[in-house]
Amino acid sequence: MDTFLLALLVMVAGALVTGLIALRPVSASTNRTANLIGPGAAAVACLLGLHGLFSGGWGSAESFLLPWGLPFGAFALGLDPLSRLFLLPVFVLGITCGLSGCVSLRHSDPSEHNLGAHWLFYLLLLLGMTCVMTARDAVFFMLAWEIMSLSPFFLIDFNDRDRLVQDASWVYLVAAHLGAVLLIAFFALLWQESGSTFFSAMAAHHPANATALFLLSLFGFGAKAGLVPLHVWLPEAHPAAPSHVSALLSGAMLNAGLYGIIRSFDFFGPATSMPVWWGWLLMAMGAITALMGILKALAQSHLKRLLAYSSVENMGIMIMGAGIGLVGIHNGSAWTAALGFSGCLFHMLNHSAFKGLLFLCAGEVLHAVGTVDMARLGGLQKRMPFLGALFALGAASIACLPPFNGFAGEFVLSMSMISSLKLPGLEQQIAMVACMTALMLTSGISAAVYAKAYGMTFLGQPRTHFAAEPHVPENRHLLPLCIPAAACVLGGLFAPLAFSMVQPTLDFIPAMHEGVVEEARLAIGQTEGLLRHISLFGWAGIGLVLVLALVRRVLLARRGVKRGPVWGCGYQYGTSRIQYTPASFVEPGARIFGAVMGTRVRSVKGEGLFPARASLGVEAPDVVRGKGYTPLFQLMERACNALKIVQNGLVNIYILYILITLVALLIWGVA
Amino acid sequence: MYSLFQFVILLLLVTDLIMLWSGRILMLIRLSALQGALLAALLLLPVDGALNAELVLLSIAVFCLKGVGFPVFLRHVCHKLGLEPVVRPRLGRMYPMAGGLVCLAFSLWLEGRIPAAEGLFPPMLFPVALTTLFCGLILVVGRAKALAQVIGYLVVENGIFLLGIPLMTEGSVWFELSILLDVFAAIFVMAIAINHINSAFDSIDVARFRNLRD
């Protein structure tokens, strides 16, 4: 715990120093200093934090309490396996994104960017996330939650001269605060019922209105996790933010929402008293989120927006896992419960690795080409082979291809669903099959999404001269990306080891206490055995690929190899316009899922024997935002404007209001 | 003594109602002066019959400020600004008058229900005080000219002063004196503000302030 507290102190100290630098007039030298101190402090703090996580023993629980002199709340920290597991991506991505940001921001223009402020909010974000996942007091938790929610606003608004970026940061701020309002209500109710702000006291109390609390927690934390229909800030904020910030937000901050949902199970009384429909609600919302997220991702041609929608999808999968866990507990099925929760947590770890990697790769593409619009990219694999390989690795992981970590995570989730087919009642089995179908469909479409993302960006021929002549990053600048890349590979090849990190967590999921833990250990043990086989197959597959590559090399050594343009198709004068575009790649899918995806296909077909002009475009505006939130907020704006009649500028009328209020209060007081 | 006290209170009520009806600014100033004099007289007619030096001092202070000081000062401002003698009431004459009567009825209704110590308020004092307070507010709401609103404010203060009379013990005389000083400063500041508003807007019609709202 001591090194962990030291990590927090380093974050605070780093934030103070970068804050002081930010106050000085911005110049190249202050930016340089901030760009050294900020990432340096982040790296040191995260390394200390990692040491703190592992030093006390992964499965142990520690706590730290410091009264802070306020009339309520306390600085109460706790480290249990659940907190440790969620902190792991925070610290690993904290180092990776810090280093990557240091590299990408080193040539920032001092007249446009104040790096002192940027790194101040980066460190505050890290501090906020760390405190959220260790807080054991409601007031302290909400303070940390606010720090965690507010800092990204300033980080997203980095390129604040861009109108779209400004809009995105405001959308984020509104969404974050709507969620926070629900959470304040959630903790206020708990506080009122239990009479204490400590989590331990809240957990000991059996709440009377558990369902209301559950819904507040689901939507409050769900807004952070990007649960449909509260996801609208995600596809706006992630593309607008600098890539190292997007990676941290997507890989670590979204997890805070999931953490909150799982932690709040603590406060709802004994697990068996939770109604089964909670589990089904979580599963249904998870399945809808996953399907909608991946379908919207398929329709995007902006690489970072595609990744953002893919984050929505992955959060959906995790929430589905938590739902399966709850349903399993209610039915007394330890297998389903254990594998549901552990699948959810395992997938969370894996998602942090590959999504961090993919966002950082997208940032490098943006830096090299100046755009991440896939319709303007192509052919980057030949020009930037190392970056292409890293992106391919991330894409293969997220598309659940063995032997990488994505496959291992979704395999555990599938196992939980298969085991749940033994649940009593036909309707439960049918619902489980429907969820399994949703998961399989999501995984399948996810493969198509990443085939598109990688294919359009890195393969084929460059579609513009920007893509043909990119500003190639030096390989040493890509070294921070190797950390999540290694996690993707090793997480798959050593899947049983990675999965065993999740196991102690289950003892600390309060819903798991009810005598199912022993049987759950058995289920976990058997799944670990299966994962061992899978990782063996993975090793064998890698060996096979290496052997085949060697054979190919030997066979081709004595022959002349002729290289031609990709998609040349034997034409004498090939052009890059022959190849697939992002729109034409999606078009068949958009015709099938158009109604669900909300896509609009615009196609102008060529006419005659020698068509002069033809075009195809696929648009995918967010239906929830366009048809739900925008009209709702416009209505609210109109209502608020209508209320301006009260503020008519006439002093006399204002005094009349006072008079009316006085009389009303008198009458109320007397009556 | 007692019936004289009641008579003065009734006179106060009558001045309130005339103020609501009146459309002439000089009339309003004179009536406010009369109210000041009546308040000073009330202080000299204590219900329990014990007249002491502090009360006399307070009565003189009230008469000097409310009966003479403010009216002379307001008249001076009025002349300096060259105001028209007739101010058009914003809501006509009937509505403020009706409002005043409703307030009187409301105050009478309230008197029976307010939890006050038995015998604390002499009969009629509480409803008249409350009606004076409300009439002041109605003057503030119903008159367009800022000067009339200052008079309204003064009437509100008269109502508060009336409410305070039964609660007055020896120590609180100084408290009342300090309130008087407060009112004096307020009226002074308001008159200066009106002067400045007049030079900035070429009018002291508060309806023009709406240009200042966001």
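The values are calculated or read from the model by the stated rules, or taken from the named source; none is laboratory data. In this text, all values refer to a predicted model and were calculated from it rather than measured experimentally. All Cβ positions, even for glycine, are placed from backbone atoms using ideal geometry, and neighbour counts span all protein chains on display.
Tabulated data for the structure shown
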{"item": "Hits in region A:211-242 (condition: aliphatic (A, V, I, L, M), part of a helix (DSSP H, G or I) and in contact with a helix residue (DSSP H, G or I) (Cβ under 8 Å, 6 or more places away or on another chain))", "result": "A:212, A:213, A:216, A:218, A:223, A:225, A:234, A:237, A:240"}
{"item": "Filter result (under 17 Å from the mean Cα position of the chain (by Cα) and of a type outside the set (A, V, I, L, M)) within region B:29-72", "result": "B:30, B:32, B:35, B:36, B:59, B:63, B:64, B:66, B:67, B:69, B:70, B:71"}
{"item": "Filter pass, residue B:177 being within 17 Å of the chain's Cα centre (by Cα), at pLDDT 70 or above and in a helix (DSSP H, G or I)", "result": "no"}
{"item": "Subset of region B:1-36 (residues that are without any contact (Cβ under 8 Å) to a residue 40 or more places away in the chain and assigned to a helix (DSSP H, G or I))", "result": "B:3, B:7, B:8, B:11, B:14, B:15, B:18, B:27, B:31, B:33, B:34"}
{"item": "Test: residue in region A:554-571 that is touching a Ser or Thr at 6+ places or on another chain (Cβ under 9 Å), of a type in the set (Lys, Arg) and either more than 30 Å from residue A:175 (Cα to Cα) or at pLDDT below 85 (or both)", "result": "no"}
{"item": "Of the criteria (1) within 24 Å of residue A:228 (Cα to Cα); (2) of a type in the set (Ser, Thr, Tyr); (3) surrounded by fewer than 14 Cβ atoms within 10 Å (Cβ to Cβ), which one residue A:573 fails", "result": "(1)"}
{"item": "Within region A:157-210, tally of residues that are in contact with a Phe, Trp or Tyr (Cβ under 8 Å, 6 or more places away or on another chain) and of a type in the set (Val, Ile, Thr)", "result": "4"}
{"item": "Answer residue from region B:99-137, given it is of a type outside the set (A, V, I, L, M), away from every other protein chain (no Cβ under 13 Å) and in contact (Cβ under 8 Å) with a residue 60 or more places away in the chain and is surrounded by the most Cβ atoms within 10 Å (Cβ to Cβ) among those", "result": "B:132"}
{"item": "Helices (runs of 4 or more DSSP H) enclosed by region A:370-431 - at least 2 residues per element that are over 19 Å from residue A:342 (Cα atoms)", "result": "A:380-383, A:385-398"}
{"item": "Region A:608-655, subset under 18 Å from residue A:235 (Cα atoms) and not in a helix (DSSP H, G or I), residue farthest from the chain's Cα centre (by Cα)", "result": "A:618"}
{"item": "Residue A:554 vs. criteria surrounded by 10 or more Cβ atoms within 10 Å (Cβ to Cβ) and assigned to a helix (DSSP H, G or I)", "result": "no"}
{"item": "Those residues of region A:557-583 which are among the small types (Gly, Ala, Ser) and part of a loop (DSSP other than H, G, I, E, B), in sequence order", "result": "A:560, A:564, A:568, A:570, A:574"}
{"item": "Single match in A:483, A:445 (criterion: of a type in the set (A, V, I, L, M), in a helix (DSSP H, G or I), in contact with a Ser or Thr (Cβ under 7 Å, 6 or more places away or on another chain) and surrounded by fewer than 23 Cβ atoms within 10 Å (Cβ to Cβ))", "result": "A:483"}
{"item": "Per-region count, region A:646-660, residues more than 7 Å from chain B (Cβ to nearest Cβ) and closer than 21 Å to residue B:150 by Cα", "result": "5"}
{"item": "Filter result for residue A:637 (of a type in the set (Asp, Glu) and at pLDDT 85 or above)", "result": "yes"}
{"item": "Helices (runs of 4 or more DSSP H) completely within region A:1-109 that count 3 or more residues being touching a residue at least 24 places away in the same chain (Cβ under 8 Å) and more than 25 Å from the chain's Cα centre (by Cα)", "result": "A:2-23, A:28-55"}
{"item": "First in region B:138-150 and touching a residue at least 24 places away in the same chain (Cβ under 8 Å) and more than 8 Å from chain A (Cβ to nearest Cβ), second anywhere and among the hydroxyl-bearing types (Ser, Thr, Tyr) and not in a loop (DSSP other than H, G, I, E, B), Cβ under 9 Å, 6 or more apart", "result": "B:139/B:153"}
{"item": "Of the criteria (1) more than 28 Å from the chain's Cα centre (by Cα); (2) part of a helix (DSSP H, G or I); (3) at pLDDT 80 or above, which one residue A:527 fails", "result": "(1)"}
